[in-house]
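The values are calculated or read from the model by the stated rules, or taken from the named source; none is laboratory data. Owing to the predicted nature of the structure, the values given are computational and were not obtained by experimental measurement. Every residue, glycine as well, gets a Cβ built from its backbone with ideal geometry; the counts of neighbours run over all protein chains shown.
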Amino acid sequence: MAYAGFVTTRMYGHLTLVAGPESFLAERAIDRLVSDARDESPQASLTQVTGEELTAGMVDQMAGADLFSSQTIAVVSGAEKTPKDVEPALLRLAHDVPDDVALVISHASGNLGKALLTKLTGLASEVVDCPAIKAWDLAKFVGAEVRATGKSIAQDAAQHLVDSVGTDTRSLAGAVSQLVSDTETDIITVSVVAQYFAGRATVTAFAVSDDALAGRVAEAIVKLRWALSTGVPHVLVTSALANSLRQLGKYLALSATGKPSAADIGVPPWKMKDVAATARSWSQAAVGAAIRSVSLADAQIKGAAQDPDFALERLVLRLASLRRNAKTG
């Protein structure tokens, strides 16, 4: 499976659209496109702006070459947040890209700015797809990352790496880079992964998530503190909790009308037994409240709180309370 794979033709005088919600792949694609444009014209100037801050005046400036350069690479990231009154100017530029401009626009492909995406897609000379990677495809993503380096990785080793690092594609790509550079073998086995991530494989964001949702509060707090002390990013904990709660919510909703499959809720088959056991102590209402609590904590660790460690510990206690109330309600 290839992710954000593309072959770029001549970029100047054309629009290249990077579309999809997977931000890491989108950023990587943009870097690659900028590099390709520089290969085509080493002296080209680079202008980068987000859709949120874009103005009609900026669009006009991007359409003209830099005073000190004959060619310009113009990058608009997050175009879904482009102000409505600026969209016409951006579309005019996309419709008639000057020969001395390489235009690159990224869009998250959600409902926000959907009409703009449709129009940009029709105008693009090339569309680089960056879809969200499903949980069951993360091991394939790891395999593709390893193969890109000229090495290979066993399937169970790829899954073990996902279990060790979590679902964040940026973290997974970084782990692959470290693993490949630090190992001499051409084939990476599960024992190599286990050895490299010793001490972290057993204490991950998902280990914290599993304990928290299962009501093992003391264990969750201990693992959380250890994970944070060993460098696990705060955002991986909220990401793991949000992912597990969405799976739990799907299981509860589908269980009301039938027997859900692993594919239905987005987990590997071996995980179904754990999800079913956890679900017995939760209700759909409690899961909904838990997801809102995770969203609040996620905002706190990204700047709204002075102590992100405490915000996560408080979140674990909040989830335990919601679980108890669901169980006794």
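Quick notes on this structure:
- Qualifying residue in the stretch 199-206 (condition: in contact (Cβ under 8 Å) with a residue 40 or more places away in the chain, part of a helix (DSSP H, G or I) and of a type in the set (Val, Ile, Thr)): no
- The helices (runs of 4 or more DSSP H) located wholly in the stretch 102-181 include none with 3 or more residues which are among the hydroxyl-bearing types (Ser, Thr, Tyr) and within 27 Å of residue 38 (Cβ to Cβ).
- The requirement of being more than 17 Å from residue 166 (Cα to Cα) and either in contact with a Gly (Cβ under 6 Å, 6 or more places away or on another chain) or part of a helix (DSSP H, G or I) (or both) is fulfilled nowhere in the stretch 231-245; no residue meets it.
- Filter pass, residue 259 being in a loop (DSSP other than H, G, I, E, B) and either out of contact with any Cys (no Cβ under 7 Å at 6 or more places or on another chain) or at pLDDT 90 or above (or both): yes
- Residue 84 part of a loop (DSSP other than H, G, I, E, B), within 27 Å of the chain's Cα centre (by Cα) and not β-branched (Val, Ile, Thr): yes
- Residue count, the stretch 233-265 (criterion: free of Cβ contacts under 8 Å to residues at least 40 places away in the same chain and touching a Ser or Thr at 6+ places or on another chain (Cβ under 9 Å)): 5
- In the stretch 218-241, the residues that are among the β-branched types (Val, Ile, Thr) and surrounded by 20 or more Cβ atoms within 10 Å (Cβ to Cβ): 232, 237, 238
- Among the residues of the stretch 109-136, the ones that are within 15 Å of residue 30 (Cα to Cα) and touching a Gly at 6+ places or on another chain (Cβ under 7 Å) come to 3 in all.
Residues are listed down the side, and each one gets a yes or a no for (1) modelled with pLDDT of 90 or more; (2) more than 23 Å from the chain's Cα centre (by Cα):
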| site | (1), (2) |
| --- | --- |
| 201 | no, no |
| 207 | no, no |
| 210 | no, no |
| 215 | yes, yes |
| 222 | no, yes |
| 226 | no, yes |
| 229 | no, yes |
| 247 | yes, no |
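- Residue in the stretch 45-60 that is closer than 23 Å to residue 121 by Cβ, at pLDDT below 90 and not in a strand (DSSP E or B) present: no
- Any hit, the stretch 113-128, residues being in the same structural domain as residue 50 (by TED's automatic domain parsing), more than 15 Å from residue 59 (Cβ to Cβ), touching an Asp or Glu at 6+ places or on another chain (Cβ under 9 Å) and surrounded by fewer than 19 Cβ atoms within 10 Å (Cβ to Cβ): yes
- Checking 215, 166 one by one, the residue that is of a type outside the set (D, E, K, R), in contact (Cβ under 8 Å) with a residue 60 or more places away in the chain and either surrounded by fewer than 17 Cβ atoms within 10 Å (Cβ to Cβ) or touching a Lys or Arg at 6+ places or on another chain (Cβ under 7 Å) (or both) is 215 and no other.
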